[in-house]
C-alpha cells in the first residue's frame, strides 16, 4: 500500500564524505558529511552542504578550498568519530591516528590512509537555510595506486567505500554484489 | 604508493536517481541521474544536476517540479534503460511497463512500482557549465508501507537500493552488510 508521508531528507544510499580543511592557523580538520554529490561534469564540480555551526564551514570560507576523502570500510570507527565531535574540541587527526598530507593543488589536507581524495577549489556558495552548499571545482585527485583500474580510475571493488543508510537505519553498510553493467543491461529493453 | 592524477568526477558510491517529470503536454518522462544528493535539512532540499540536452531539463524549467524515485535492485534493467534513451524518442513508462502516478503535491509523476519517491518543488537553479543544478524543496514523500520502519522511515534493508560504481567500474551494485551504527561506533575513539 502506498502512503503519503511528511517530507524527509532520505536518499538511499547516501555517501560517506570526509571533508578535509585547514583552520586559519593551518591546523587540519576533518568532518563527516552525507549531504553532497557530484554536480557538474565540465568543469568537474562536487558539492557538500555544511551547517554554519561547524568549524569546517568557517575553514572553507577562509581558505576557499577543501578535499573530499573517501574512506574504505575498514575506517568505519574513524569515519563515525569524525562526525560525532567538533574540531574545536578535538584534534581529530591525532585522535584517529590518521595523517594529514597537504594537497599540492589546494590549501587543504588529504587523509593519507584513505584510498582516494578529490582536491577542490571553492567556486560557489549557496545558502539554503540550515545548510550552505559549498561547490568546489575538482582540480585534482590523489589515489593509492592499488585501488586504480587499468585506466587509472578508482575501482569501487578495490576502494570498498562505505555508504550510509540515512535516518531509516542509522547505520553504515558496505557495497554488495555487482548487479550488471551500466549503459548496457538496459539494452534488453531497447532492443525489444 | 600515492599518485597525483587528473580531476575526475568519481564519487563512491554514487546514487541511482530516477527523475520523474511531465512535458508541456502532460506526458510523463523519467531519466536516470547520478549527479545529485541531499543539500539541506531545513528546509528539506535535494539537488539533481542535469544537462540542457535532456528533455527532463526543459520539463523541470516549465513545471518547476520533479520527483526523485529510488529504484530497488530488482529494477536494474529498467533503471539502466531509462538512462540510455531520450524521452523525445521513447515513451519510457510504456517501454519499461512502469506506471506513472501523479503526485498529489507537485506537478510531476511518481514511479508507482518503486519503493519510495520524494516530491520536489523547484526552488533554485544553478548553472555550472555542462550541468544545471535543480534544487528542489522536498514537500512530501510517497512510500510503500512494506519498506517503512516503525518510525515510518524508509529502511535501506527493505528498500534494497542500487548504487553506481561510477566511471571506474561502469556497473551497478547492491548494498552489502551492515558495518555498524552511526553516531555510535565512533564512541570507541571518543571514550579513549
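A few comments on the model shown:
- Note on chain B: GNM, Cα springs under 10 Å; of B:156, B:135, B:19, the largest mean-square fluctuation is that of B:156.
- Once both labels are positioned 7 Å from their Cα atoms along Cα-to-Cβ, the gap between residue A:104 and residue B:27 label points is 5.2 nm.
- Pairwise label distance in nanometres, residue B:127 with residue B:170, each label 7 Å out on the Cα-Cβ vector: 3.2
- Highest mean first, the peptides A:36-46, B:123-133 sorted by other C-beta atoms within 10 Å per residue fall in the order A:36-46, B:123-133.
- Residues in segment B:44-60 reached by a label modelled at residue B:91 [backbone nitrogen below 14 Å; 7 Å Cα→Cβ]: none
- Note on B:124-132: average number of Cβ atoms from other chains within 10 Å of each residue's Cβ is 5.
- Spin-label model distance (nm) - residue B:62 vs residue B:190, 7 Å beyond Cα toward Cβ: 5.1
- Secondary-structure-derived ellipticity at 222 nm for chain B, considering helices only, amounts to -3500 deg cm²/dmol, per-run term -39500 (n - 2.57) for DSSP H runs with n ≥ 4.
- Per residue of peptide A:151-161, the mean number of Cβ atoms on other chains within 10 Å of the residue Cβ is 6.
- Cβ-derived FRET efficiency at R0 30 Å, residue B:157 paired with residue A:3, nearest 0.05: 0.95
- Taking every residue in A:46-52 and counting other chain Cβ atoms within 10 Å of its Cβ, the average works out to 4.
- Beta bridges from DSSP with both residues in chain B: antiparallel share about 100 percent, rounded to the nearest 5.
- Gaussian network model of chain A, Cα within-10 Å springs - most flexible of A:114, A:75, A:90: A:90
- Label spacing, shortest first and in nm, from residue B:3 to its equivalents in the remaining copies (7 angstrom along Cα→Cβ): 4.9
Each reported figure results from applying straightforward, stated rules to the coordinates on display, with no laboratory input. Please read all numbers here as calculations on a predicted model, not as lab measurements. All Cβ positions, even for glycine, are placed from backbone atoms using ideal geometry, and neighbour counts span all protein chains on display.
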